[in-house]
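Each reported figure results from applying straightforward, stated rules to the coordinates on display, with no laboratory input. In this text, all values refer to a predicted model and were calculated from it rather than measured experimentally. With ideal geometry, Cβ positions are generated from the backbone for all residues, glycine too; neighbour counts draw on all protein chains shown.
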Amino acid sequence: MTVRRRFLTALLAAAALSCAGCGNRAAEGAVETVPEEKKLVLYTSHKEEVYGPIVKEFEERTGIWVQVTAGGTTELLDRIQEESGKDSCDVMFGGGVESYDAYRECFEPYYCNQVDLLDETYVSKEGIWTVFSELPIVFIYNNKLVAAGEAPQGWEDLLDEKWKGKIAFADTGKSGTSYTVLATMIQVMDMEEQEVLEAFAEALDGNVSDGSKAVVDEVDSGIRLVGITLEETAKKRIAAGGDIAMVYPKEGTSAVPDGCALVKGAQHSENAQLFIDFTVSNDVQRLLTEQFCRRTVRTDLQKESDSAPAKIIAFDLKWAGEHQDEILTEWSILLENGE
Amino acid sequence: MRERIGNSFKKKLLAGFLIVALVPLIFSGVFLIRMFKIRIARDYQKKDMEQAAAIEEILTGLLKDFSDIAERLSKDEEIRITFMEKDSGNRNAVYTHLYDETRQIRDIAQVDLYSSDGICLFSTGASALHNRMPDYWGILKVAQTHQDEMVVRRDKEYTGETGVLLRAARAIRNDRDECIGFVVISMREESFGQALNGTYGTQDGICILNSFWETVYEAGTAERENIGGVLRDCLLRGENLPDTWNDNRVYISRLGESGLYSILLRPEIFTADTTRSMYSVMILMALASLLFCVGVAAGMSSNLSKPLKSLSQAMDRVKKGELETRVVIERRDEFGQLADNFNTMTAELKDYMEKQVSQQKQIDEINIAMMQSQLNPHFLYNTLDTIKWVAKANHIPELATLAAKLAKILRTSISSAQFITLKEEMELVDSYAQIQQIRFAGKFEFSYEIPEALEEYMVPKLIVQPIVENAIIHGLAECEEGHIHVQALQENGELHITVSDDGCGISDEVLEHLNSRNRKQLEGHIGFYNVDTIIRLHYGDRYGLKVCRPDEGGTKVTIVIPAGKEK
């Protein structure tokens, strides 16, 4: 019996050997893997149309391979916080700079090589973040239904009885911009906080739009006559042939900057720094004004930029951050009462 | 017992069949499948590589066309002059040249001429005119720095319809080598499908990647599997590029110096599924042959065990005494022979038994006769004793001696012991001789001589007496005065007892018969024969009687038996 068993084992072994003999075909034209010093891991909350060309150009110019993970600002920042020490992400790109301050422990201070050329309003004192672009808040109106002369020119005009219920404004729960709008109004208008909110709630007459895209859509299609949105969004719709026009509030408006930051313990720290330098480089900043309808943060480009002069107030980020919960609670109560 | 034999026989047969049937089946099955796979895979791989090479050739050819056209356009005098002078008066002439040069690629690519600051001045397409491309960015910037060379980039458009396109650009330079404009060739994703039409099947996938392994174009399985992304991730993770991906073989070729790669995906011939089904077929076959083996083993074993069983049953019956038992096996093989032999054997056994029975019957008859004729020996003995005393009382000494000697002989001969000492035997012989001397009135003399050392040697009872009797009756029959002498001596571990007489001597005929032990011819010499037979039965053929006629006359008979005090 044992002999038989041994015989069988030998047979099976032979069969197994014949199995092992096949497979393994090398792919033609061997390609070398990417060395670590040519890699960069990027998290971005920008839309692809913004990060795509920049990342592409960065790759082409530096030969560094960029691994992109796109997502929401808060989602990505939470992820960076969780991953801290695991060296997964090298640089975070996009999202309001106030968010970076909130996650300051995740980032390595870094001052980009052209920091002197940047608008000093938008330079982080501790170097936590590097600003990328500024995004002013603007009014839009349907240029078929509203004559240019009649369009609201300032925050105060908006509260006029004739715009009551005709203003498109995004739900604060859906759009981060909407809170900035509220905070800006409080900072700009010569009224008490409570008064501003009450008056604006009344002007909306209980109508809020389902997100920032809906604001432009509603104004474009004539459902609402005026709207409040970011300059970038408005400019893009105008470029796409939308029936809207844009007004910079005469009392001044806020322009919350977005930025990027070097993650603490980044594995490809040098490449990350190169990328940050690249985001504020002349070419990128020029591209973002020309192609992305954004405002540059470089002082040298601001001068030659053909962007309409807007009165930008020194928006108090710190104050806005501290009063966010309080103002939003108040706002939701007022909206509910109004309905 | 029979069942067990049947079972184990069946099992052994089954095991044997299984090994013989299944092992080669499984082994050759596995081997065949593996060989088949390797062989087919190799053939297909060759075909696939040819296909990949064909695609590579088409794409490199396409890029070469682009490059040639871009070169011709950038060196076209009409175009250069128009760009140098920034004069749009010759628009038609420029368009004529542009359309002439681009004839062969116009249905798959759009060719535009851009000014040095990135404004599209001439276009073979409809919508590109007056488009603006940043000259500080992307392909135009690269084209400016590349002297006399076309550059190729993957580009993505976000305005309007989002789409990936492959752009090739070449700077138009004036005589001072300054960049005065660009030739830009744009090829949209869908045009690749057109260009590569027919080079790949519905189950294949094709993918074109740029130098950063970003997808320029993908179709078929490559699109479903997003192979570009997969390969890029592999490279970024520092892993080797896979040979196969989700049952597709991956072929990668580099497209010349363009920095582009083309990837061909071909479905795996042997997916895990096919292999599994091939093995299942093999297992089914193995099961079928297993069943077949069980069936054949059962058939064979019953074929073998049936005759064995009937033989065994027949043997049992024979054991019980049924000798007329016969086995009927209508076969011409070994079992048939066995049955024949068995039948012959039982027939012979029956004959033998019958013979035995008849012999026994005879013996029984003799015994009965003997028993009937037998008298109580004690009665004879007592009678002889009485005769002796009556003779003594009546002073007839010869009669007393006769009675006493006869009683002695009788006592020895009726004792149950088969062996007696030589001394006892000789006393018996002496008694016999004395009786015969009285009978034959002193016609002979009897003497014997035994060394003292041999007196206690054991001999079979009554082996000397018949010889002496023979000597008296035959040897000395015609003599007036004869001598009979008995002598014993030891020689080479043998005991020789010699009985010699000086009578007429044994006849040649009888001598010959004695030495040849021919019983039938020994009528009247039965004593010799019996003694010889007794000795041989006890000690074997080496021993027995030797008869000779010495030169001095008479007869000399030597009894040869092993010497010893044991029986």
| Cβ-based exposure ranking for A:Ser281, A:Ser178, B:Ser312, in which fewest neighbours within 10 Å come first | B:Ser312, A:Ser281, A:Ser178
| Roughly what angle does helix B:526-539 make with the longest principal axis of chain B, taking Cα atoms, 0 to 90 degrees, to the nearest 10? | 40
| request: Enumerate the helices in chain A for which the Kyte-Doolittle hydropathy averages -0.5 or more and the C-alpha atoms extend at least 24 Å along the helix's axis, using complete DSSP H runs. | output: A:2-20, A:317-338
| field | Exposure proxy ranking, count of Cβ atoms within 10 Å, fewest first, for B:Glu214, B:Glu449, B:Glu330 | value | B:Glu330, B:Glu449, B:Glu214
| field | Rounded to the nearest 20 debye, dipole of the stretch B:417-562 from Cβ charges on Lys, Arg, Asp, Glu | value | 640
| From the residues A:Ile64, A:Ser221, A:Ile238, which one has its Cα farthest along the dipole of chain A in the positive direction, the dipole being from +1 and -1 charges on Cβ of Lys/Arg and Asp/Glu about the Cα centre? | A:Ile64
| request: Quote the relative contact order of chain B in percent (integer), defining contacts as alpha-carbon pairs under 8 Å separated by 6+ residues. | output: 8
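Find the relative contact order for the stretch B:17-143 and round it to a whole percent, using C-alpha pairs within less than 8 Å whose residues are 6+ positions apart. Walk me through the intermediate numbers first.
Working: 71 pairs, mean separation 14.8, N = 127.
Relative contact order for the stretch B:17-143 comes out at 12 percent.
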| note | Least to most buried among B:Tyr543, B:Tyr352, by other C-beta atoms within 10 Å and fewest first, runs B:Tyr352, B:Tyr543
| query | Farthest toward the dipole's positive end in the protein assembly as shown, which of A:Ala102, B:Met187, A:Ile276, given Cβ charges of +1 (Lys, Arg) and -1 (Asp, Glu) about the Cα centre? | reply | B:Met187
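How much length, in nm to one decimal, is gained on full extension between B:Gln104 and B:Asp247, taken as 0.36 nm per residue of separation minus their Cα-Cα distance? Provide the component values of the computation, followed by the final result.
On the way: separation 143, 0.36 × 143 = 51.48 nm, distance 3.78 nm.
So the chain would gain 47.7 nm between B:Gln104 and B:Asp247.
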| request: Please determine, in degrees from 0 to 90 and to the nearest 10, the orientation of helix B:227-237 with respect to the longest principal axis defined by the Cα atoms of chain B, where the helix direction is its Cα long axis. | output: 80
| request: Go ahead and estimate [θ] at 222 nm for the protein assembly as shown from helices alone: -39,500 (n - 2.57) per DSSP H run with n ≥ 4, summed, over the residue count, rounded to 500. | output: -16000 deg cm²/dmol
| query | Over all residues in A:48-61, what is the mean tally of Cβ atoms on other chains that come within 10 Å of each residue's Cβ? | reply | 4
| message | Let me spell out the model: positive unit charges on the Cβ of Lys and Arg, negative unit charges on the Cβ of Asp and Glu, origin at the Cα centre of the protein assembly as shown. What dipole size does that give, in debye rounded to 20? | response | 6440
| remark: Kirkwood Rh for the protein assembly as shown from C-alpha pairs, in Å, is 41.4
| task | Let me know the Rg and Dmax you get for chain B when you use only its Cα atoms, in Å. | result | 65.1, 198
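Set the bar at 29 Å for Cα to Cα. Now go through A:Lys56/A:Lys86; B:Lys355/B:Lys546; B:Lys64/B:Lys156; A:Lys174/A:Lys311; A:Lys166/A:Lys318; A:Lys235/A:Lys311 and name every pair that lies beyond it. Could you put the intermediate results ahead of the total?
Working: A:Lys56/A:Lys86 26 Å; B:Lys355/B:Lys546 35 Å; B:Lys64/B:Lys156 22 Å; A:Lys174/A:Lys311 27 Å; A:Lys166/A:Lys318 32 Å; A:Lys235/A:Lys311 17 Å.
Correct reply: B:Lys355/B:Lys546; A:Lys166/A:Lys318.
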| request: Sort the following peptides by mean Cβ neighbour count (other Cβ atoms within 10 Å, averaged over residues), highest first: B:188-195, B:69-76, B:139-146. | output: B:69-76, B:139-146, B:188-195
| query | In angstroms, what radius of gyration and Dmax does chain A have, counting Cα atoms only? | reply | 26.7, 106
| message | Taking every DSSP beta bridge with both residues inside chain A, roughly what % is antiparallel (nearest 5)? | response | 65
| task | With the cut-off at 25 Å, report for the stretch B:417-562 the share of all Cα pairs above it, as a whole percent. | result | 23
| Helix B:397-414 axis, angle to chain B major axis (alpha carbon atoms, nearest 10°) | 10
